[in-house]
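Okay, structure first, notes after.
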Amino acid sequence: MHKCYVVGLGPGDLQNMTPAAAAAIEQSDVIVGYDLYVQLIAPLTQGKQVLSTPMKKEEERCRMAVELARSGKTVAMVCSGDPGVYGMAGILIEVAAPYPEVEVEAVPGITAAVSCAAVLGAPLIHDFAVISLSDLLTPWEKIEKRLLCAAQADFVLCLYNPSSKKRADYLRRACELVLQFQPPETCCGYVRSIGREGQETHLCSLEQLKSCQVDMFTTVIIGNSQTKRIGNQLVTPRGYRLERDAKQG
Ligand code: SAH
């Protein structure tokens with residue numbers, strides 16, 4: 001059996017990588033990934049073959065990893081966050097499917113939703129929905145439907161890929177949809193470059209979020225009807241107090 005790991009590195013700093021992720025990298029002969037992620041783990045890859053590839057060529061990158069595994073190397077393909085959340089795990093399993101001698105193993109990592117939530121306080125503590133605003137692989141109409149349904153159901157929303165050069169107004173469009181069901185003062189926040197140099201945090205209302213300029217290194221959280229601000233932190237109550245009050249009453 002030839003191993004091909006697909007490894008989640010967490011948000012960026014080595015401390016937030018799991019020991020299992022570090023062990024998979026340690027056991028691998030070849031490391032494959034985007035330049036930025038490969039740089040983040042440079043201390044772990046010394047003496048290994050490191051192949052960094054440009055953005056977007058995902059299938060090509062997977063084929064390269066599978067071919068290397070077939071040739072007898074142990075390979076680790078690295079991704080930010082978790083490899084199964086808008087990551088490479090799915091496509092790698094698909095590409096490797098015709099080669100039963102290659103075993104793909106996913107190693108989980110801390111996804112941006114939870115690292116972002118920890119920076120902001122505890123906004124995701126109850127039911128939440130994760131939605132990517134990237135329409136590269138999902139038609140925008142479907143993204144709109146998901147935003148509307150999740151807002152109507154009063155989910156806390158966590159938005160990945162909130163913007164890019166070509167999609168500069170997508171966050172504003174998303175906020176306008178959510179505003180059909182949630183009030184303008186709804187508590188929101190976002191974090192840029194979580195766990196990396198220059199991490200930035202911003203708290204605001206849903207109305208204000210509409211005109212915030214964010215980029216693709218940012219994760220956005222839109223609270224639900226219960227989310228509140230305590231000092232500089234966002235909290236969505238779990239409803240314990242309501243339960244206790246009901247029992248007492
Ligand atoms: N597999 C990754 C997500 C990849 S999609 C994960 O599980 O986290 C890329 C999106 O993830 C970015 O547009 C951004 O919204 C979010 N993201 C990933 N890493 C981030 C970080 N360090 N800081 C802020 N957002 C991040």
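Quick one: is residue 46 within 16 Å of the ligand (Cβ to nearest atom), outside any strand (DSSP E or B) and loosely packed, with under 12 Cβ neighbours inside 10 Å? Here the answer is no, as residue 46 does not meet what is asked. Restricting 108, 83 to residues that are touching an Asp or Glu at 6+ places or on another chain (Cβ under 7 Å), of a type outside the set (Asp, Glu) and modelled with pLDDT of 95 or more narrows the list to 108.
Does residue 194 satisfy the criteria of being surrounded by 23 or more Cβ atoms within 10 Å (Cβ to Cβ) and part of a strand (DSSP E or B)?
no
Search region 186-203 for residues that are farther than 14 Å from residue 171 by Cβ and free of Cβ contacts under 8 Å to residues at least 60 places away in the same chain and pair each with any residue that is part of a strand (DSSP E or B) and near the ligand (Cβ under 8 Å from one of its atoms) when their beta-carbon atoms are under 8 Å apart and the residues are at least 6 apart or on different chains. What qualifies is 198/192; 200/191; 200/192.
Evaluation of residue 16 against the conditions (1) touching a residue at least 12 places away in the same chain (Cβ under 8 Å); (2) surrounded by fewer than 15 Cβ atoms within 10 Å (Cβ to Cβ); (3) polar (S, T, N, Q) shows that the sole unmet condition is (2). Counting residues in region 143-152 that are under 30 Å from residue 24 (Cα atoms), at pLDDT 95 or above and out of contact with any Phe, Trp or Tyr (no Cβ under 8 Å at 6 or more places or on another chain) gives zero. The residues listed here are 34, 86; of these, the one that is over 17 Å from residue 3 (Cβ atoms) and touching a Phe, Trp or Tyr at 6+ places or on another chain (Cβ under 9 Å) is 86. Scanning region 79-116 for residues that are touching a Pro at 6+ places or on another chain (Cβ under 9 Å), more than 7 Å from the ligand (Cβ to nearest atom) and in a loop (DSSP other than H, G, I, E, B) yields a count of 3. Within region 51-61, can one find any residue that is away from the ligand (no atom under 16 Å from the Cβ), of a type in the set (Ser, Thr, Tyr) and either in contact with a His (Cβ under 6 Å, 6 or more places away or on another chain) or in a loop (DSSP other than H, G, I, E, B) (or both)? No, because not a single residue in region 51-61 is away from the ligand (no atom under 16 Å from the Cβ), of a type in the set (Ser, Thr, Tyr) and either in contact with a His (Cβ under 6 Å, 6 or more places away or on another chain) or in a loop (DSSP other than H, G, I, E, B) (or both).
When residue 135 is tested against (1) of a type outside the set (S, T, N, Q); (2) within 12 Å of the ligand (Cβ to nearest atom); (3) modelled with pLDDT under 95, exactly one condition is not met: (2).
The values are calculated or read from the model by the stated rules, or taken from the named source; none is laboratory data. Note that the structure is a prediction, hence the values are computed from the model and not measured. We place every Cβ from the backbone using ideal geometry, glycine too, and count neighbours over all the protein chains shown.
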